[in-house]
Each structure stands twice: as structure tokens, then as C-alpha cells.
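Structure first, commentary second.
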Amino acid sequence: GQQLNQSPQSMFIQEGEDVSMNCTSSSIFNTWLWYKQDPGEGPVLLIALYKAGELTSNGRLTAQFGITRKDSFLNISASIPSDVGIYFCAGQLTGFQKLVFGTGTRLLVSP
Amino acid sequence: GAVVSQHPSWVICKSGTSVKIECRSLDFQATTMFWYRQFPKQSLMLMATSNEGSKATYEQGVEKDKFLINHASLTLSTLTVTSAHPEDSSFYICSAAGHGSYNEQFFGPGTRLTVL
């Protein structure tokens, strides 16, 4: 099935550092979503983006919907140990609820 | 936020047996439920989409006779893995969405299936 490309694949950072990850697609999406998944659990929605160019924040998280509608990035500022997990982007087309997930970025934060 | 539960949270079965996994929306009516499969260190891959009262739509490459989906009510969908084999061992996750294409999909906690 279709997947979105995420980079980097994994990151190992120190507590307090900022993190940036992105997601690219060969096709257009009208909604971009960012999820976090902890081991053995389902993904939890972090941020939803509905408009090209939109920049949205949720606490220390900031995400942007690319102008071309083919990419998105997620920034985490001042990382803390509980930010550890796998971050997935997902794209969705208007009128369809089917989500296409990215390949994931594994984040490790050392205290 | 809305809550979606899955049961069981994990199951171990012998090869050749069938396993049923339930997905329930606890505090909202889910017109659409989705079933995903996630292999270790990989992303979620959509298996099928089910709308209440109608047949599920399966993604390419997913065998509909092997993965039986029933969405008989607005709060319950079931996935039955028939004649399970070791290669079916995976993490199965459901999500549920209400009316409208912009409604958020709420994910269940997942079910770990191990086939011996």
C-alpha cells in the first residue's frame, strides 16, 4: 500500500534539544495529521492541519502543512524524556476518511 | 476525547485456529471503522474500511476471506482472522470515526496476535 516518506528514520537527542522531522508525499493530501505512538499502544493524535500553508501549535509541538500540499513538518521544542516514541505523519483526502501513514520517526531522548 | 477499546489486548493461538478481535467506540457512534495491521518496527497499514451495516472495503492485497470484518452496530466492529498462521502474527489496531470526512479517527489500543 501507499506510504508517506518520513525523515529522519530515527533520532537520538539530549533532553532540552529541539527536534524537527518531516514527511513527504508524491501525491496531494488535503489534511495532514501527526500522531505519536508509544510501544504496544495505538497512535494518539498530536496535531491536525487542514489548510495549505497552515502553521499550528500544540504546546511544545508545532506543525506546518506545506504549500504544495505534498509535505508537512513537525517540530518539538525543548524535548523531555516523555517525548520518546514513534511519530507518524498521515495524509487524508477530502471526502475520504482513509489515512495513509508515514514510515515513522523514532525519537529517543536522553535525560 | 472519544474512547475506543479493543478486546483482547493480546492473544496467542495455535496455527489453523480462528481469532476474533473486537473494536468498540465507547462514547460515540462510529459510522466508519478502520482496521490496520502493524508489523514490528513498521508503520500502520490499512487493511479495510467498514461502514455500519454494509460490507467492508478491503485494501489491495488483503484477503477478504481470511480477514472477516463485521460492523453490525454503530459501536462495534469485529475482525476475525480465520485459519491463522504464524505470518499473521502482528499488532492489529482499529480506529473509529463519526459523521463527516473531517471527523477525527480515534484509535484503539491495539491487539497483539501471536500465532504459534
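The values are calculated or read from the model by the stated rules, or taken from the named source; none is laboratory data. These figures come from a predicted structure and were not determined experimentally. Cβ atoms come from the backbone with ideal geometry, glycine included; neighbour counts cover every protein chain shown.
Summary of values
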item: Positions within region B:1-52 being among the polar types (S, T, N, Q) and assigned to a loop (DSSP other than H, G, I, E, B), in sequence order; result: B:Ser9, B:Ser15, B:Thr17, B:Ser18, B:Gln29, B:Thr31, B:Gln42, B:Ser43
item: Flag for A:Ser110 being surrounded by 14 or more Cβ atoms within 10 Å (Cβ to Cβ) and either touching an Asp or Glu at 6+ places or on another chain (Cβ under 9 Å) or among the β-branched types (Val, Ile, Thr) (or both); result: no
item: Residue in region A:61-70 that is among the aliphatic types (A, V, I, L, M), within 11 Å of another protein chain (Cβ to nearest Cβ) and not in a loop (DSSP other than H, G, I, E, B) present; result: no
item: Residue within region B:98-111 that is under 19 Å from A:Gln97 (Cβ atoms), without any contact (Cβ under 8 Å) to a residue 60 or more places away in the chain and away from chain A (no Cβ under 11 Å) present; result: no
item: Hits in region A:7-41 - residues which are touching a residue at least 60 places away in the same chain (Cβ under 8 Å), more than 21 Å from B:Leu44 (Cβ to Cβ) and assigned to a strand (DSSP E or B); result: A:Phe12, A:Ile13, A:Gln14, A:Val19
item: Wholly enclosed strands (runs of 3 or more DSSP E) of region A:72-111 bearing at least 3 residues free of Cβ contacts under 8 Å to residues at least 24 places away in the same chain and within 13 Å of another protein chain (Cβ to nearest Cβ); result: none
item: Failed item in (1) at pLDDT 95 or above; (2) over 19 Å from A:Arg106 (Cα atoms), with A:Gln37 passing the rest; result: (2)
